[in-house]
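Accompanying notes for the structure given below.
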Amino acid sequence: MNYPAYFALDDVYARNHSVNELDSMFRQEEHDFTWLNDQPNFLDNHDVSRFLTLNNSKDALNEGLAVTSTAPGIPIVYYGTEQYLHNDTNGGGDPYNRLMMSGFDTTITAYTLIKRLATLRHVNLALAYGTYQPRWINDDVFVFERQFFNNVVLVAMNKSATTDYNIGGLKTNLPAGNYNDYLHGLLTGGTGTALNVGKSGAVDPFTLGKNQVAVWRYSAPEPATPEIGSVGPQLTHAGVQLVIDGRGFSGTQGTVVIGTTKATVTRWTGQSITVIVPQIAGAQYDVKVCLDEARGACSNSYKTNTDNGTQIPVTFTVDKVRQQFLVTMYLSPATSPNWETGA
């Protein structure tokens, strides 16, 4: 659970801090994490007061949902957030953040926003697997870009309820052309913002209105060379399944190489491949998908970890301590135990 992202989202959209805090958090995580896009992001959950209890602004909630749905990571929506559900009794903490729902409206703005961005995440892999690039930021405006190979999504939002901003000097990796707002002006009364991109990636100046969110995207044609976006699980063992997701896997079945060893393929589709991890030494390896090694049609490398030691289940009880502990143990007969603990 990406609590650094939660605290930054809470500060920026519920407590009106500068957007720079959110940008700094994502840039720090991109530097620190090997698998940035596997971090689960959330705006509400069962352990915290609901967003609308902290800031009773549907505009601010919509903006927070837009970031959660488009920024690096796996978006999580707590039940009822899409219906603006909240109960402010005693500050809205547990159990008042777990109230029953009285209905379900599929025309409500938050629901529509989540539905549209979930669809975009499915059809444009820049949101699921892409890099993060800040493009234009001040205290209120957050413009950032996600890119997975030639797939690009540019997101812009203005959290100010009082000020329109003229966005000039913006650069993007969107190909030259004109782009309509993917949200069709959902958060600006139906008035979307068109984007004109020149050959050099320079964007013509435009106005980002009060509480406006706009999204522009480019979905590249199916590539001739495979593009890996995700490999899981991140820690695996010989004889178990490894799933590789991305684009360009279509055509005649090729090979999957883990390190320098070919893996046995059990399933192959245009966007997903399942293999059995071969008998290899425990280490971190690069995974590659190759359609035709003779032509050099191999994918980018994606890292995964393997462990060939015996897996030993361990159960322990902590008594008389009212704290939560996370303990991960890796035990192997050939090596001394390696403990990783967090409290």
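The values are calculated or read from the model by the stated rules, or taken from the named source; none is laboratory data. Keep in mind that what you see is a predicted model, and the values were worked out from it rather than measured. Reconstructed Cβ throughout: ideal geometry from the backbone, glycine too, with neighbour counts over all protein chains shown.
Residue 218 - would you say it is touching a residue at least 40 places away in the same chain (Cβ under 8 Å) and either touching an Asp or Glu at 6+ places or on another chain (Cβ under 9 Å) or within 30 Å of residue 63 (Cα to Cα) (or both)? It is true that residue 218 is touching a residue at least 40 places away in the same chain (Cβ under 8 Å) and either touching an Asp or Glu at 6+ places or on another chain (Cβ under 9 Å) or within 30 Å of residue 63 (Cα to Cα) (or both). Only residues that are small (Gly, Ala, Ser) and within 25 Å of the chain's Cα centre (by Cα) were counted in the stretch 165-186, giving 1. Looking at the stretch 314-324, can you tell me whether even one residue there is at pLDDT below 95 and part of a strand (DSSP E or B)? Looking for residues that are at pLDDT below 95 and part of a strand (DSSP E or B), one finds none in the stretch 314-324, hence no.
Which numbered condition trips up residue 169, out of (1) within 28 Å of residue 115 (Cα to Cα); (2) out of contact with any Asp or Glu (no Cβ under 9 Å at 6 or more places or on another chain); (3) surrounded by fewer than 19 Cβ atoms within 10 Å (Cβ to Cβ)? It is condition (1) that residue 169 fails. On inspection, residue 306 passes the criterion of being touching a His at 6+ places or on another chain (Cβ under 8 Å), at pLDDT 75 or above and within 28 Å of residue 229 (Cα to Cα).
Residues of the stretch 97-117 that are touching a residue at least 40 places away in the same chain (Cβ under 8 Å) and either more than 30 Å from residue 246 (Cβ to Cβ) or not assigned by TED's automatic domain parsing to the domain that holds residue 180 (or both): 97, 98, 109, 110. Taking the stretch 239-254 as the range and being crowded, with 17+ Cβ neighbours inside 10 Å and more than 20 Å from residue 72 (Cα to Cα) as the test, the residues that pass are 242, 248, 249, 254. Out of 120, 195, one residue alone is within 19 Å of residue 72 (Cα to Cα), assigned by TED's automatic domain parsing to the domain that holds residue 14 and surrounded by 14 or more Cβ atoms within 10 Å (Cβ to Cβ). It is 120. Would you check if residue 57 is more than 27 Å from residue 80 (Cα to Cα) and modelled with pLDDT of 95 or more? So residue 57 fails the test.
The residues on offer are 114, 108, 137, and the sole one that is within 20 Å of residue 211 (Cβ to Cβ), β-branched (Val, Ile, Thr) and buried (at least 17 other Cβ atoms within 10 Å of the Cβ) is 114.
Highlighted here are the helices (runs of 4 or more DSSP H) found entirely within the stretch 1-79 that include at least 1 residues which are over 23 Å from residue 100 (Cβ atoms) and out of contact with any helix residue (DSSP H, G or I) (no Cβ under 7 Å at 6 or more places or on another chain): 3-9, 20-32, 58-70. For residue 142, the criteria (1) over 24 Å from the mean Cα position of the chain (by Cα); (2) in contact (Cβ under 8 Å) with a residue 60 or more places away in the chain hold in every case but one, which is (1).
Against the test of being touching a residue at least 12 places away in the same chain (Cβ under 8 Å), farther than 30 Å from residue 223 by Cα and of a type in the set (S, T, N, Q), the options 89, 81 yield a single qualifying residue, 81. Within the stretch 39-75, being among the β-branched types (Val, Ile, Thr) and in contact with an Asp or Glu (Cβ under 9 Å, 6 or more places away or on another chain) holds for 48, 53, 74.
Just one residue in the set 89, 68 is surrounded by fewer than 21 Cβ atoms within 10 Å (Cβ to Cβ) and among the β-branched types (Val, Ile, Thr); that residue is 89. Might you check whether a residue that is in contact (Cβ under 8 Å) with a residue 60 or more places away in the chain, basic (Lys, Arg), touching a strand residue (DSSP E or B) at 6+ places or on another chain (Cβ under 8 Å) and not in a helix (DSSP H, G or I) occurs anywhere in the stretch 161-178? Within the stretch 161-178, none of the residues are in contact (Cβ under 8 Å) with a residue 60 or more places away in the chain, basic (Lys, Arg), touching a strand residue (DSSP E or B) at 6+ places or on another chain (Cβ under 8 Å) and not in a helix (DSSP H, G or I).
Listed here are the residues, each with its yes/no results for (1) surrounded by fewer than 18 Cβ atoms within 10 Å (Cβ to Cβ); (2) within 14 Å of the chain's Cα centre (by Cα).
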{"site": "34", "(1), (2)": "yes, yes"}
{"site": "42", "(1), (2)": "no, yes"}
{"site": "58", "(1), (2)": "yes, no"}
{"site": "62", "(1), (2)": "no, no"}
